[in-house]
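Beneath this line is the structure, given in structure tokens, with notes to follow.
The values are calculated or read from the model by the stated rules, or taken from the named source; none is laboratory data. All figures in this text were calculated on a predicted structure; none of them were measured in a lab. Note: ideal-geometry Cβ built from the backbone for every residue, glycine included; neighbour counts use all protein chains shown. Only protein heavy atoms, including side chains, enter the accessible area calculation; ligands, DNA and RNA are left aside. Shrake-Rupley method; radii C 1.70, N 1.55, O 1.52, S 1.80 Å.
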Amino acid sequence: MKRNHSNIKKAKKYLDNNNCIAVPTETVYGLAANAYSKKATSKIFKLKKRPKKNPLIVHYCNLNMLKKDCELNNDFFKLYEKLCPGPITFVLKLKKDSKICKNVTNNKKTLAVRFPNHPITKKLLTIINYPLAAPSANISTKISPVSKEDVIDEFGKKIKFILDGGRSHVGLESTIINLIGRPKVLRLGGIEISKINKILRTNLKFNNNLKKIISPGQGKIHYSPGIPIRLNVKKSKIDEAFILIQKRKKSAKNFYYLSKNKNLKEAAKNLYKTLRMIRKKKFKSISVEKIPNKGFGQAINDRLIRASKF
Ligand code: TXA
Ligand code: MG
């Protein structure tokens with residue numbers, strides 16, 4: 001993909017002037033603002049309609065910048081070396097003299113940080129002299145955007161500028177791991193847990209009892225297409241969209257393939273795009289074929305379960 005330097009400069013200008021803009025990342029598009037500025041970051045919460053108590057991930061381009069804000073430990077260095085830049089977010093101890101503003105962390109002593117792997121946003125991060133706070137660029141609880149068009153779909157004219165970086169190739173948010181004390185996976189995402197376990201020589205699991213999440217009040221409503229979703233379905237109803245991961249002999253108008261050969265990475269990439277597409281049609285509900293609960297399938301199931309609590 002060609003880097004559009006004039007657009008990157010334009011993005012810098014908006015950010016320098018305390019605006020929030022949308023930026024591409026390999027996972028999903030982010031709604032970005034100067035993480036050191038209260039004025040800038042408060043615009044993120046307003047535009048996203050995000051509860052103030054929900055802290056933001058901060059995006060960096062190098063370790064020197066990060067060292068000013070966080071305490072780094074051995075587990076961090078091991079994962080950083082093998083996986084960054086990439087779709088993984090680390091929760092670290094915030095340094096006392098960090099300039100990260102308090103509404104980014106919700107006044108807490110921890111910070112979620114990430115090194116995005118997208119050429120355009122990497123370039124942008126090298127020409128600004130502050131890190132970027134950026135949650136996914138969607139209205140709170142709605143489907144995350146994986147293209148410029150999706151961001152427009154979410155915010156319309158309310159967003160001042162979108163830096164176009166094409167389609168996000170991972171298509172799911174980053175995996176979040178808390179590295180304060182014993183490592184703990186907080187969110188499944190673009191890096192499989194098995195990869196993390198190999199690097200740290202551990203056996204971390206995602207403590208996400210799926211049944212628990214289904215029960216009222218347990219799971220957060222999220223990634224919602226606004227209509228009911230049924231999981232592990234063999235045969236869909238006529239007025240339902242049917243999400244599939246392997247080719248069926250017969251075809252039908254309500255079929256939406258995430259993959260035609262059970263490729264779970266491909267399926268993850270296509271998930272949000274597909275949910276967004278279905279939302280625009282007049283289906284009453286969505287049914288989803290059983291998706292193996294391993295590797296990226298685990299992350300897909302996690303998102304679908306949350307999405308099903310619309
Ligand atoms: O792939 C991604 O991570 C994307 C791109 C834009 O980087 N960002 C993203 O941000 O997904 P967001 O805000 O939609 O999700 C971040 C999650 C939230 O659930 C938030 O509660 C959690 O990370 N989080 C942020 N700071 C945290 C912290 N200090 N400790 C624990 N969780 C934190
Ligand atoms: Mg989000």
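Quick look at the values:
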| item | result |
| --- | --- |
| Computed over the chain, Kirkwood Rh from alpha-carbon pairs, angstrom | 19.9 Å |
| Derived scalar couplings ³J(HN,Hα) [the stretch 160-174; Karplus, 6.51 cos²θ - 1.76 cosθ + 1.60; whole Hz; x for Gly, Pro] | 6, 7, 10, 7, 7, x, x, 6, 5, 7, 7, x, 10, 4, 5 |
| J(HN,Hα) series, the stretch 75-80, from Karplus relation 6.51 cos²θ - 1.76 cosθ + 1.60, nearest Hz, glycine and proline x | 4, 4, 4, 4, 6, 4 |
| Average Cα contact separation per residue, the chain, under 8 Å, 6 or more apart, as relative contact order % | 19 percent |
| Cα-based helix-to-principal-axis angle, 5-16 vs the chain, degrees rounded to 10 | 70 degrees |
| Cα-projected label distance for Thr202 with Asn54, points at 7 Å along beta-carbon direction, nm | 2.6 nm |
| Amide proton proximity set for Tyr256, modelled H, under 5 Å, gap of 5+ | Phe242, Ile243, Leu244 |
| On Cα atoms only, tilt of 38-48 relative to the major axis of the chain in degrees | 10 degrees |
| Percent antiparallel among DSSP beta bridges (both partners in the chain, rounded to 5) | 50 percent |
| Asn261-Thr126 pseudo-label distance in nm [points 7 Å out on the Cα-to-Cβ vector] | 3.6 nm |
| Listed residues Val170, Val58 arranged by accessible area, highest first, probe 1.4 Å | Val170, Val58 |
| Separation of alpha-carbon centers, the stretch 1-45 and the stretch 290-310, rounded to whole Å | 30 Å |
| Volume in Å³ per residue [convex hull over Cα atoms, computed for the stretch 25-127] | 98 Å³ |
| Length gained when the stretch Gln246-Asn73 is fully extended (0.36 nm per residue, less Cα-Cα span) | 58.0 nm |
| Between 0 and 90°, nearest 10: helix 264-280 axis offset from the chain longest Cα axis | 80 degrees |
| Helix-only [θ]222 nm of the chain, DSSP H runs n ≥ 4, -39500 (n - 2.57) each, per residue, nearest 500 | -9500 deg cm²/dmol |
| Top of Ile162, Ile143, Ile238 by mean-square fluctuation, Gaussian network on the chain, Cα under 10 Å | Ile238 |
| Gaussian network model of the chain, Cα within-10 Å springs - most flexible of Arg167, Arg182, Arg230 | Arg182 |
| Asp97 accessible area, assembled protein chains, probe 1.4 Å, Å² | 120 Å² |
| J(HN,Hα) series, the stretch 288-303, from Karplus relation 6.51 cos²θ - 1.76 cosθ + 1.60, nearest Hz, glycine and proline x | 10, 5, 4, 10, x, 8, 9, x, 5, x, 5, 5, 4, 4, 4, 5 |
| Total formal charge among the other residues, if their Cβ is under 9 angstrom from that of Phe90, Lys/Arg +1 and Asp/Glu -1 | 0 |
| The stretch 46-106 - convex hull of alpha carbons, volume per residue in Å³ | 103 Å³ |
| The stretch 147-172 versus the stretch 48-119: alpha-carbon centroid distance in Å | 23 Å |
| Those aspartates and glutamates that a straight Cα-Cα span of less than 20 Å connects to Lys269, excepting residues fewer than 8 apart in one chain | Glu26, Glu149, Asp150, Asp153, Glu154, Asp164, Glu173, Glu192, Glu289, Asp302 |
| Of Lys262/Lys282; Lys93/Lys294; Lys53/Lys294; Lys53/Lys93; Lys247/Lys290, those spanning more than 20 Å from alpha-carbon to alpha-carbon | Lys262/Lys282; Lys93/Lys294; Lys53/Lys294 |
